[in-house]
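Read through the structure below, which is laid out as structure tokens, and then see the notes.
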Amino acid sequence: MGEGLNILVCLKNVPETAEAALEINESGDGVETDELVFSTNEWDNYALEESLRIREDRGGTVTVVTLGDEDAEELLRRGLAMGADVAVHLSDDDFDGSDSATKAKVLARAMKGRDLDLVFTGVQSSDLGNGQTGVLLAQELGWSHVTMAKRISVIGDGGNAERLEVERELEANTLERVEISLPAVVTIQSGINKPRYVSIMGIRKVRKKPIDERGADDLGFDAEEVGAEAAIYASRVLR
């Protein structure tokens, strides 16, 4: 590995539903979201904070990426305000309805040409709670992976990293310590750190910072390869 670590952090825009009155949508496959407030997925905030701490200690870069509509740009701005160097927005109507496997394929395609050592995702999202995207992304990339990380130590001299030592959370408050080689995908558990505060002024300062926007065509996907149709096709094949 080169000096420093180049880390990609996957962020998701999720609705805040704790105190909201929820209604089933017309299609019956979800809830109406038009009146809901959206924010960065809780676990993803911990993933971003961990990436920033590693960069501060070891050098390198932090890139934040999200797959979502135009409203998701706000969480990328927040990521830049926290300290990320680059933001990538994967936005296209064709992506709507994509399942975890398709999202992993899109993310893997978006990573092509980027010199990355690590990918961090949250353990799960608060809206769906599938906990699948990080593991499926590792499979797409053919990289090492570890889930439920509660502590991460980078092993290697100076700015050069060779592998990670990770403590991961198991059942009944049990921890497992593992070592994995780089490059790797790690899913981050809440409580691994305390995410830094981002002020409104901090977000305003990055308003004009460019965001790399990519659609399905840019990534070489046909419409039927992504979105709800791809998810339906995959489910039929698996049967």
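The values are calculated or read from the model by the stated rules, or taken from the named source; none is laboratory data. Please read all numbers here as calculations on a predicted model, not as lab measurements. Protein only, heavy atoms only, side chains kept; ligands, DNA and RNA dropped before computing areas. Shrake-Rupley method; radii C 1.70, N 1.55, O 1.52, S 1.80 Å.
So that you can scan it fast, the table gives a plain yes or no per residue for (1) more than 21 Å from the chain's Cα centre (by Cα); (2) over 17 Å from Leu107 (Cα atoms):
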| position | (1), (2) |
| --- | --- |
| Asn193 | no, yes |
| Gly202 | yes, yes |
| Lys209 | no, yes |
| Arg214 | no, no |
| Leu219 | no, no |
Criterion: open to solvent by 60 Å² or more (accessible area, probe 1.4 Å) and farther than 21 Å from Gly60 by Cα - qualifying residue of Glu140, Glu167, Glu162: Glu140
Odd one out for Lys103, checked against (1) under 18 Å from Leu137 (Cα atoms); (2) not in a helix (DSSP H, G or I): (2)
